[in-house]
Each structure stands twice: as structure tokens, then as C-alpha cells.
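Below: one structure, written as C-alpha cells.
The values are calculated or read from the model by the stated rules, or taken from the named source; none is laboratory data. As the structure is a computational prediction, the values presented were derived from the model and not from experiment. Quick reminder, even Gly has a Cβ in these numbers, built from the backbone with ideal geometry, and neighbours come from all protein chains shown.
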Amino acid sequence: MYLCSMIDNRVILSAPIQGWTDHVWRTAHAQVFGGVDAYYAPFMRVEHGTIRPRDIRDILPENNPGIHLVPQVLACRPDDMERMLNAVADMGYGEVDINLGCPHPPVARKGNGAGMLARPEALRQMFDTLSRHPSLRFSLKLRLGWDDASQWHNVLPLLDVAPITQVIIHYRLGIQQYKGEAMLDRIGETLDAIKVPVVLNGDIDSTERIGQLLTAHQQAAGVMVGRALVADPALLCPDRATPACYRDFHDLLYEQYRKELTGGDHQILNKMQSLWERMLPNADHRARKAIRKATTLARYEDAVAQLIN
Ligand SMILES: Cc1cc2nc3c(=O)[nH]c(=O)nc-3n(C[C@H](O)[C@H](O)[C@H](O)COP(=O)(O)O)c2cc1C
């Protein structure tokens with residue numbers, strides 16, 4: 001039984017997590033577990049005048065078969081934004097998410113991501129660019145602010161002039177990065193002020209929590225779940241939290257990364273070990289350690305067989 005089928009008219013979204021929820025993870029997740037209404041891709045961006053090729057590869061429709069994918073873009077320069085919106089429209093997408101939440105200081109200092117929340121003029125220019133793309137629908141993924149929890153108000157006047165159909169709020173400040181608790185006590189004020197559907201995000205880590213939040217906030221359009229879904233890919237469909245499903249999921253990831261990563265065994269091993277930094281954190285401690293310490297793919301496979309059996 002999927003949780004999303006039990007929550008009338010609310011959405012459950014998979015959050016973008018750079019380095020984890022790429023097309024390989026998303027398609028394997030949808031195939032084995034699912035329970036998600038849409039997957040949000042980690043942000044794409046322009047570097048040295050071109051969109052990073054791996055960002056393009058990650059969202060190509062043929063690399064995301066059978067899933068509802070929403071590409072995300074991060075830019076503060078209107079021409080960079082323009083370039084990415086044209087690219088996603090050319091790929092056939094009708095919906096794009098705008099990143100106003102990235103907290104990394106080198107990104108934010110340039111007025112990108114969460115940094116833009118403190119710059120109303122840059123926000124306005126960006127919204128002008130969005131208005132020039134009537135064929136696209138936009139969502140915004142924002143934090144409460146960069147360094148002040150009232151900066152989200154800066155987007156309010158713009159919601160009336162740009163085609164924004166949904167706002168996803170990560171209830172932290174940019175300067176908090178991912179530390180401290182999400183300020184979920186601020187949900188009420190955002191729901192009262194924002195006239196488009198609002199999706200809640202931040203530290204939503206169990207089905208009980210989803211139920212509590214959506215019961216307490218009937219106006220909320222849904223929730224977006226990030227790290228907890230990477231930690232337990234069966235989070236939203238508990239009856240699939242079985243060794244067989246985890247095994248299938250792992251094997252799909254492993255098989256696909258072996259095909260796509262061309263830098264040799266070491267690169268594949270690194271990729272899989274980095275996934276295990278977050279995945280199934282409460283699984284057998286010794287097997288997790290053996291995965292971490294594996295220096296060959298054969299040892300890695302043995303360790304995974306110990307962990308998922
Ligand atoms: C390593 C990492 C990478 C992330 N990458 C992105 C990203 O590319 N775009 C984005 O909007 N949010 C990104 N986020 C933020 C998550 O989407 C989410 O908003 C945040 O983790 C809070 O939700 P959670 O507590 O459910 O994980 C990232 C978070 C982490 C930890």
C-alpha cells in the first residue's frame with residue numbers, strides 16, 4: 001500500500017539531492033518502491049557559458065523512463081536562466097523548478113540559490129525571465145530566507161506576475177545549511193500568506209510525521225521528502241521494506257552505475273560506497289563497515305550480500 005494513495009489530493013514529492021537522486025537512483029526507486037508523485041532532479045546550471053553536459057544527461061527523458069520528473073534550474077543571470085529554460089522546453093518538459101534554496105556560500109554569495117532571497121531586484125529580474133516562457137509552468141523551491149526568516153516575503157509580490165504554480169518550502173535559513181531543526185512552526189504563516197499551493201519540506205522523516213503535518217495543515221498541498229527517502233527507499237511503501245526489495249534496488253543501481261561509469265572499478269566502488277553513507281543507516285554495523293572498507297568490487301559484493309540477506 002502506498003502512502004500517497006492514502007492521502008487525498010496531497011502530493012508526495014522526492015527531493016532533489018545532488019550526488020544521490022540522479023536518474024539512476026530515480027528510475028531504480030520508481031521501479032522497485034515508488035510511492036512518489038514526482039521526482040525533482042538536482043539542479044542544473046551553466047558553467048563557462050554552457051549547461052554542464054552531465055546535468056543534461058541526467059534529465060534526458062530517455063534516461064528517466066516511466067517517471068514524472070521535474071527538472072530544476074539554478075541561475076541568477078537572466079541569460080543563463082534563459083538558456084536552461086530553452087533546453088528543458090526543447091526536451092519536452094512543461095514544468096520546471098527554480099532553486100532558491102542552495103545554501104553553499106560560493107553559490108549564495110553570487111546571489112544564486114538561497115542567496116537570491118535577500119536580493120529583491122535580482123528576484124524580480126529572474127521572474128521577468130520566467131514570464132517570457134508561457135509554455136512552461138514553474139515551481140519555486142525556497143528556504144525561509146538566506147539569513148533572516150522573513151526574506152521569503154520578497155517573493156510574494158512576484159507570485160502574482162509570474163506563472164508560479166507551486167512553492168516548496170524548506171523551513172530553514174540558507175546560513176543554517178542543513179544543521180539545526182527545520183522551523184516547522186513557521187508553516188502556518190507561510191500557508192496563510194502564499195496564495196499558490198505550498199509543499200512542506202525539511203526533516204520529514206517518517207510516515208507518521210507526514211500524517212501529522214498534513215493533518216495539522218489542511219491547506220498544505222503535500223510534502224517533499226529528501227534525506228529520509230535516500231536513507232530508506234521503502235519509506236513511503238512500508239510493505240516493500242523487505243530484503244528482496246532492497247536487494248533488487250541495490251542491484252539495479254549497481255548494474256546501471258557499472259554501465260555508466262567508465263572510470264574503472266575504483267570509480268564504481270566510490271560511487272556505491274558514497275550511496276551507503278546514507279542508505280540503510282541502521283543496518284548491520286559490521287556489514288556496513290565492510291562495505292566502507294572494501295577495496296575491490298568482489299569484496300564490496302560480499303559485504304552487500306552480508307548486509308542484505
Ligand atoms: C547533499 C544534498 C544535496 C542537495 N541538493 C539539492 C539540489 O540540487 N536542489 C535542491 O533544491 N535541494 C537540494 N538539497 C536540499 C534537499 O532537496 C532538501 O530540501 C533538504 O535536504 C531538506 O529536506 P530533507 O530534510 O527531507 O532532506 C540537497 C540536500 C543535500 C543534503
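Being within 14 Å of the chain's Cα centre (by Cα) and not in a helix (DSSP H, G or I) is the filter here, so list the residues in region 206-234 that pass it. Reasoning before the result, please.
Start the filter on region 206-234 by keeping residues that are within 14 Å of the chain's Cα centre (by Cα), which leaves 223-231, 233.
The answer is Val223, Met224, Val225, Gly226, Pro233.
Within the set of pairs 6 or more residues apart or between chains, which connect a residue that is closer than 17 Å to Glu260 by Cα and touching a residue at least 60 places away in the same chain (Cβ under 8 Å) inside region 7-26 to a residue that is basic (Lys, Arg) and within 10 Å of the ligand (Cβ to nearest atom) with Cβ atoms less than 8 Å apart?
Pairs found: Trp20/Arg278.
Residues checked against (1) buried (at least 22 other Cβ atoms within 10 Å of the Cβ); (2) closer than 19 Å to Pro16 by Cα; (3) among the acidic types (Asp, Glu):
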| site | (1), (2), (3) |
| --- | --- |
| Val70 | yes, yes, no |
| Leu74 | yes, yes, no |
| Pro78 | no, no, no |
| Pro103 | no, yes, no |
| Ala122 | no, no, no |
| Leu136 | no, no, no |
| Lys141 | yes, yes, no |
| Leu156 | no, no, no |
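Failed condition for Trp152, given (1) within 15 Å of the ligand (Cβ to nearest atom); (2) in a helix (DSSP H, G or I); (3) in contact with a His (Cβ under 7 Å, 6 or more places away or on another chain), with all others met?
If we test Trp152 against (1) within 15 Å of the ligand (Cβ to nearest atom); (2) in a helix (DSSP H, G or I); (3) in contact with a His (Cβ under 7 Å, 6 or more places away or on another chain), just (3) comes out false.
Of everything in region 23-51, what is part of a loop (DSSP other than H, G, I, E, B) and surrounded by fewer than 22 Cβ atoms within 10 Å (Cβ to Cβ)? Give them in sequence order.
From region 23-51, those part of a loop (DSSP other than H, G, I, E, B) are 33-37, 45, 48-49; that's our starting set.
If the condition is that a residue be part of a loop (DSSP other than H, G, I, E, B) and surrounded by fewer than 22 Cβ atoms within 10 Å (Cβ to Cβ), then Gly34, Asp37, Arg45, His48, Gly49 are the ones that fit.
In this structure, does Val107 turn out to be of a type outside the set (Gly, Ala, Ser), surrounded by 15 or more Cβ atoms within 10 Å (Cβ to Cβ), over 17 Å from Ile169 (Cβ atoms) and at pLDDT 95 or above? Quick ask: steps written out before the conclusion?
Numbers: of a type outside the set (Gly, Ala, Ser): yes; surrounded by 15 or more Cβ atoms within 10 Å (Cβ to Cβ): yes; over 17 Å from Ile169 (Cβ atoms): yes; at pLDDT 95 or above: no.
So Val107 fails the test.
Are any of the residues in region 183-192 within 14 Å of the ligand (Cβ to nearest atom), in contact (Cβ under 8 Å) with a residue 60 or more places away in the chain and surrounded by 14 or more Cβ atoms within 10 Å (Cβ to Cβ)?
No, that holds for no residue.
Check off (1) away from the ligand (no atom under 16 Å from the Cβ); (2) out of contact with any Cys (no Cβ under 8 Å at 6 or more places or on another chain); (3) of a type outside the set (Ser, Thr, Tyr) for Arg45 and give me the number that stays unchecked.
Every condition holds for Arg45 apart from (1).
Is there any pair with a first residue in region 204-229 that is hydroxyl-bearing (Ser, Thr, Tyr) and a second that is within 15 Å of the ligand (Cβ to nearest atom) whose Cβ atoms are under 6 Å apart and which are 6 or more apart or on different chains, and what are they?
Thr207/Leu3
Would you be able to say whether some residue in region 85-108 is aromatic (Phe, Trp, Tyr) and assigned to a helix (DSSP H, G or I)? Steps first, please.
Here is the first cut: in region 85-108, the residues aromatic (Phe, Trp, Tyr) are 93.
Filter once more, so that each one left must be assigned to a helix (DSSP H, G or I): none.
No, region 85-108 contains no residue that is aromatic (Phe, Trp, Tyr) and assigned to a helix (DSSP H, G or I).
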